[in-house]
Amino acid sequence: MLARVFEASGLSSVQISLLREHTEKIRPPRALFCPFPFGLALGKPNDPEFQHRVLDHAFSLLERPSGPVLEDFPEEIVPADAPVTPAEERPPDPAFELTALRGYYDRFVAHHGRTAVGLTGVPSTRFRGLVRLLERYAAGEEIEAPTPDLSAAQYARFACDDIKAFFREARMEQYPAENGPQIDAWFWQQTAMGPMMRRVRDRMLASGDRQVEMLSYGIYREPDTPNPEWKYLTPTAVKTDGG
Amino acid sequence: MPHLKHLPDMKRNEMLTFPAQVNHDTPWTPPARPLREARLALVTSAGLHRRGDPPFVSNHHEPDYSYRRLPADTPAAEILQSHASAGFDRSGIQRDLNTTYPVDRLRELLMRGAIGSLADSFYSFMGALRNVARLEQETAPAVAELLRQDGVEVVLLTPT
């Protein structure tokens, strides 16, 4: 949709698309459908050669005389299956577990020079406090967001996003060969933080508040979890005209 | 997303029922000159912003149709992603920003002479919006105008 607005205002555009069925409906001017999992628009992290193949193919669409152009990138990346591992004995306390992972997290940040942690604005050295906040939220207690423009649930969601980012980066440092689904499987099945965060999710999902239920869906979902938004959709609520 | 045949039914249904615009025509602006002479900007719907910028917050009452400006020379360490759903694999962008936002690749293409120049500013929007009306009518045209003021001729768009 963005591409259409840009093109209509006199710019030439080319886009990477991750969902062919939607792109067929939206009809942007030039799209390269890349059959890669969501989150991997350029295909492979730390593989400049592969990323350049994607970009070269995308930019070649600029030379087409007429459109719309929707072409498929020839290489497909199917989401990796994460092995389901038996639950081992978990550390008893998520906050203790977080402290134990700090050394790996700090090394990841030192190696990469960046971190995805930061949405709450709470420094990671203070994350034990965020863990306690989430535990209170999971237990049904009221919590307060630090600023009035954020709801408590949205703040809890950012806290989950930050802590997950911390755990994921610590794990990537410890096991560099693991892919995203494998890291997720570890987080949800073998850590103490995973089940605690799942209880945060459960409280949100049972809230009866559509917005809070949607926030929960971004935290965790089983493969057979229906999108919570579906129960709020009626045939007339599904708009296909973008309006 | 890979071809939908690889997905479990629930996931496939979610993809197919997510509201997408249906259009019957396509605006078309042919590039005025080859890419090696053109000025290019990167625009992403990955919900990226500078550390310290307000995060994107979407809800069903009001999808977050705002945008953030990202100076093209923003260091990777200063870029955060507040589109952080379990619906996609975040390990890629955590390992390498270029997985979603290929600034280093674009700089390499610039050095090779494959791109004429890069814009001073790139832009980011929130992804997975269920209603794009205000984006289409207000913020996307505003960004288009900013891009044209920057002399941009070609835009590369990336999702997450």
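The values are calculated or read from the model by the stated rules, or taken from the named source; none is laboratory data. None of these values were measured; they are calculated from a predicted model. Please note: Cβ atoms are built from the backbone with ideal geometry, for glycine as well, and neighbour counts cover all protein chains shown. Only protein heavy atoms, including side chains, enter the accessible area calculation; ligands, DNA and RNA are left aside. Shrake-Rupley method; radii C 1.70, N 1.55, O 1.52, S 1.80 Å.
The rows are residues; the columns are (1) among the small types (G, A, S); (2) buried (at least 22 other Cβ atoms within 10 Å of the Cβ); (3) within 19 Å of B:Q81 (Cβ to Cβ); (4) touching a residue at least 40 places away in the same chain (Cβ under 8 Å).
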{"residue": "A:A110", "(1), (2), (3), (4)": "yes, no, no, no"}
{"residue": "A:A138", "(1), (2), (3), (4)": "yes, no, no, yes"}
{"residue": "A:E141", "(1), (2), (3), (4)": "no, no, no, no"}
{"residue": "A:D149", "(1), (2), (3), (4)": "no, no, no, no"}
{"residue": "A:Q182", "(1), (2), (3), (4)": "no, no, no, yes"}
{"residue": "A:Q190", "(1), (2), (3), (4)": "no, no, no, yes"}
{"residue": "A:L205", "(1), (2), (3), (4)": "no, no, no, no"}
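Of the residues making up the range A:31-73, those that are in contact (Cβ under 8 Å) with a residue 40 or more places away in the chain and among the charged types (D, E, K, R) are A:E71, A:D72. Considering only residues in the range B:86-108 that are within 16 Å of the chain's Cα centre (by Cα) and open to solvent by 20 Å² or more (accessible area, probe 1.4 Å), the one that is farthest from A:F166 (Cα to Cα) turns out to be B:D104.
Got at least one residue in the range A:116-131 being charged (D, E, K, R), crowded, with 16+ Cβ neighbours inside 10 Å and in the same structural domain as A:E173 (by TED's automatic domain parsing)? Can you show your working first?
Kept after step one, since they are charged (D, E, K, R), are these residues of the range A:116-131: A:126, A:128.
Filter once more, so that each one left must be crowded, with 16+ Cβ neighbours inside 10 Å: none.
Scanning the range A:116-131 turns up no residue that is charged (D, E, K, R), crowded, with 16+ Cβ neighbours inside 10 Å and in the same structural domain as A:E173 (by TED's automatic domain parsing).
Here is a check on your reading of the model: is B:D64 open to solvent by 10 Å² or more (accessible area, probe 1.4 Å), within 25 Å of A:G180 (Cβ to Cβ) and more than 11 Å from chain A (Cβ to nearest Cβ)?
Working: open to solvent by 10 Å² or more (accessible area, probe 1.4 Å): yes; within 25 Å of A:G180 (Cβ to Cβ): yes; more than 11 Å from chain A (Cβ to nearest Cβ): yes.
When the stated conditions are applied, B:D64 passes them.
Looking at the range A:34-48, is at least one residue more than 7 Å from chain B (Cβ to nearest Cβ), farther than 25 Å from B:L7 by Cα and open to solvent by 20 Å² or more (accessible area, probe 1.4 Å)? Scanning the range A:34-48, I find at least one residue that is more than 7 Å from chain B (Cβ to nearest Cβ), farther than 25 Å from B:L7 by Cα and open to solvent by 20 Å² or more (accessible area, probe 1.4 Å), so the answer is yes.
What number of residues within the range B:1-32 satisfy the criterion of being of a type in the set (A, V, I, L, M) and either modelled with pLDDT of 85 or more or touching a strand residue (DSSP E or B) at 6+ places or on another chain (Cβ under 7 Å) (or both)? Outline the logic, then answer.
Kept after step one, since they are of a type in the set (A, V, I, L, M), are these residues of the range B:1-32: B:1, B:4, B:7, B:10, B:15-16, B:20, B:22, B:32.
From what's left, either modelled with pLDDT of 85 or more or touching a strand residue (DSSP E or B) at 6+ places or on another chain (Cβ under 7 Å) (or both): B:20, B:22, B:32.
The qualifying residues number 3.
For the range B:124-134, indicate whether the set of residues that are more than 9 Å from chain A (Cβ to nearest Cβ) and among the hydroxyl-bearing types (S, T, Y) is non-empty. Yes - at least one qualifying residue is present in the range B:124-134.
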